[in-house]
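Structure, as structure tokens:
The values are calculated or read from the model by the stated rules, or taken from the named source; none is laboratory data. Every value quoted in this text rests on a predicted model; they were computed, and no experiment measured them. Glycine also receives a Cβ, built like all others from the backbone with ideal geometry; neighbour counts cover every protein chain displayed.
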Amino acid sequence: MAPSVSPHAPWWQSGILYQVYPRSFQDGDGDGIGDLRGVIARLHYLVDLGVDALWLSPIFTSPMVDFGYDISDYTDIDPLFGSLADFDALVTAAHGLGLKVVLDLVPNHTSDQHPWFVESRGSRDSRKRDWYIWRDGQPDGGPPNNWTSEFGGSAWTFDAATGQHYYHAFLSAQPDLNWRNPQVRQAIADVMRFWLRRGVDGFRVDVMWHLVKDADFRDNPLNPDYTPDRQPYERLLPLYSTDRPDVHDVVAELRQVMEAFDDRVLIGEIYLPPEKLVAYYGAGLKGAHLPFNFALISTPWSARAVGDLIARYEALLPSGAWPNWVLGNHDRVRIAGRVGPAQARVAAMLLLTLRGTPTMYYGDEIGLPQVPIAPEQVRDPFETNVPGYGVGRDGCRTPMQWDGSAHAGFTAGEPWLPLTDDFASRNVAVERSDSSSMLALYGALIALRRARAELSLGDYEEWPSGEADVLAYWRGHGGRRMLVVLNFSDRPVTIALPSSAAGATIMLSTMMDRAAEVAGDRLNLRGAEGMVLDLAPTAI
Ligand code: GLC
Ligand code: MG
């Protein structure tokens, strides 16, 4: 077992991250779209919930073709969200409340409206031509190679004015920057310093594994496992367009920029299997502090699959690397939509009792489901471009539901995406007054994790429960131990507790009704029940 980190662990190890999707958190000006004034108004909610840091998806100047992941000015705030003054006010207010603020950094691509790209596409001898990825087409007029966009179609768009194609891993309105160009690296380092000096506590780096492409632009190979029911991007294996060995030099450079400032965090968005993901900690751990671990999002929801995943990930972690876990984000189906409302409680307990920094996604704590989106309500360009595969992300981006008033207290106007039908009962105000609500469970889990170093910083060791549907593990720190027991099935299960756990106190049940009960040598779990047991005889 790796030794526990010191009690003086940095905030991004001991703490909990919370993702705010700014369009959907709180609208402050009645235009139906969330904004910075709205976020400021809700900071107390985050403090009450007990999280340590908020990560804001992009708030920068943007034509919003990909809702802010298409940036046209890296160092200003889009008027939709507010102003730089509003941003400064947010950072000041958050820091005053003890909350850290993490921004989204989108270095892989800009908007096609960014002045850099406008200049680059201006002529073949533009000073910024090489800031983007321009290539000649095939002699027959076809694109330079077979690479495809994650959002459908060729990843190359022909620019008639200069007779070359530019590369875009996502929309054609999101041309990729050329990270082999040192001026690009310098320009993004300057962007980082701009925000770090303004007080931000770190960055979540968008599509980090995409940053560097094959120098020879070799064709990607066919995916032998492809079946036509899968979205077109999966037809090829993105072997040469992503996760190139030299990306790690770039990540190390990004980290270098952070190192000039105290106590900041570098997080990477990386969709790769754990074996490849862990390389993003970098040689000598000089890469990302937290390469986002999304494996729970795609692993089948069973005790064995999840237990095996944890073991595999723990075994792969480089010595000294700090783990992390994510259950949801603005690109993936909501956890409650994927595993159902009962198991979503088990998932909450899992996320908040695992070893490693948890990242929560706004709204999961009130059990927001994947909201059905009617065809005329579709906003996501991914869904518009690649219809019929269920790739649309609008259903996980719907407004936060604060109370039972009109539009759930999210906006005085018309919300940009629909609310849930049951928003009158599924909202913060109602769940606050219900001691068994999802919000109450999240609050209790977070409070327990904050109170007990076993959960935030302790060791992890699986305990074989003897029941196929029950995942159980020890968390230990400073000579104290807790046992977490999770029933992944919807039927009751009885397990024989290890002798060292007999007589333990139930600290928390996902059903919020058995706290302080003392366990005997057997533990009866109801369907979809999870529990945290404390081996110390006294309650906190
Ligand atoms: C990341 C973002 C996603 C965006 C894409 C392109 O995956 O999380 O929302 O569409 O990058 O920028
Ligand atoms: Mg607004």
**OP:** Please identify the pairs in which a residue from the range 28-46 that is within 16 Å of ligand 1 (Cβ to nearest atom) has its Cβ atom under 7 Å from the Cβ atom of a residue that is polar (S, T, N, Q), counting only partners at least 6 apart or on another chain.
**Re:** Gly34/Ser24; Gly34/Gln26
Original post:
What are the residues in the range 398-423 that are touching a helix residue (DSSP H, G or I) at 6+ places or on another chain (Cβ under 8 Å), away from ligand 2 (no atom under 15 Å from the Cβ) and of a type outside the set (S, T, N, Q), if any?
Top reply: Asp403, Gly404, Pro418, Leu419, Phe423
**OP:** Select from the range 260-277 the residues that are free of Cβ contacts under 8 Å to residues at least 40 places away in the same chain and of a type in the set (Asp, Glu) and list them in ascending order.
**Re:** Asp262
Original post:
Which one is farthest from the chain's Cα centre (by Cα), of the residues in the range 256-285 that are under 20 Å from Val200 (Cα atoms) and surrounded by fewer than 18 Cβ atoms within 10 Å (Cβ to Cβ)?
Top reply: Ala260
**OP:** Determine, yes or no, whether Val91 is more than 14 Å from ligand 2 (Cβ to nearest atom), assigned by TED's automatic domain parsing to the domain that holds Asp380 and either closer than 20 Å to Val191 by Cα or crowded, with 22+ Cβ neighbours inside 10 Å (or both).
**Re:** yes
**OP:** Return yes or no: is Asp136 in the same structural domain as Arg42 (by TED's automatic domain parsing) and either more than 15 Å from ligand 1 (Cβ to nearest atom) or at pLDDT below 95 (or both)?
**Re:** no
**OP:** Output the qualifying pairs, or none if there are none: Cβ atoms under 6 angstrom, residues six or more apart or on different chains, first residue in the range 209-229 and free of Cβ contacts under 8 Å to residues at least 12 places away in the same chain, second residue among the basic types (Lys, Arg) and not in a loop (DSSP other than H, G, I, E, B).
**Re:** Tyr226/Arg235
Subject >> Every pair of residues 6+ apart whose Cβ atoms lie under 8 Å, when the first sits in the range 159-173 and is under 11 Å from Arg124 (Cα atoms) while the second is within 16 Å of ligand 1 (Cβ to nearest atom) and not hydroxyl-bearing (Ser, Thr, Tyr) >> reply: none
Original post:
In the range 330-356, which residues are closer than 20 Å to Met531 by Cα and not hydrophobic (A, V, I, L, M, F, W, C)?
Top reply: Gly340, Pro341, Gln343, Arg345, Thr353, Arg355, Gly356
Original post:
Are any residues in the range 374-401 under 20 Å from the mean Cα position of the chain (by Cα), more than 21 Å from Ala155 (Cα to Cα) and touching a residue at least 40 places away in the same chain (Cβ under 8 Å), and if so, which ones?
Top reply: Gly395, Cys396, Arg397, Thr398, Pro399, Met400
**OP:** Search the range 65-82 for residues being surrounded by 18 or more Cβ atoms within 10 Å (Cβ to Cβ) and outside any loop (DSSP other than H, G, I, E, B), and hand back the single one that is nearest to ligand 1 (Cβ to nearest atom).
**Re:** Tyr74
Original post:
What do you reckon, is Pro22 closer than 20 Å to Gly199 by Cβ and out of contact with any helix residue (DSSP H, G or I) (no Cβ under 9 Å at 6 or more places or on another chain)?
Top reply: no
**OP:** Would you confirm whether any residue within the range 294-304 is closer than 19 Å to Val102 by Cβ and buried (at least 16 other Cβ atoms within 10 Å of the Cβ)?
**Re:** yes
**OP:** Scan the range 24-37 and give yes if some residue there is of a type in the set (Val, Ile, Thr), assigned to a loop (DSSP other than H, G, I, E, B), within 16 Å of ligand 2 (Cβ to nearest atom) and at negative phi, otherwise no.
**Re:** yes
Subject >> Qualifying residues in the range 134-155 (those that are under 28 Å from the mean Cα position of the chain (by Cα) and of a type in the set (A, V, I, L, M, F, W, C)) - the one surrounded by the most Cβ atoms within 10 Å (Cβ to Cβ) >> reply: Ala155
Subject >> 2 or more residues closer than 22 Å to Asp112 by Cα, at pLDDT 95 or above and not hydrophobic (A, V, I, L, M, F, W, C): qualifying helices (runs of 4 or more DSSP H) within the range 177-290 >> reply: 182-197
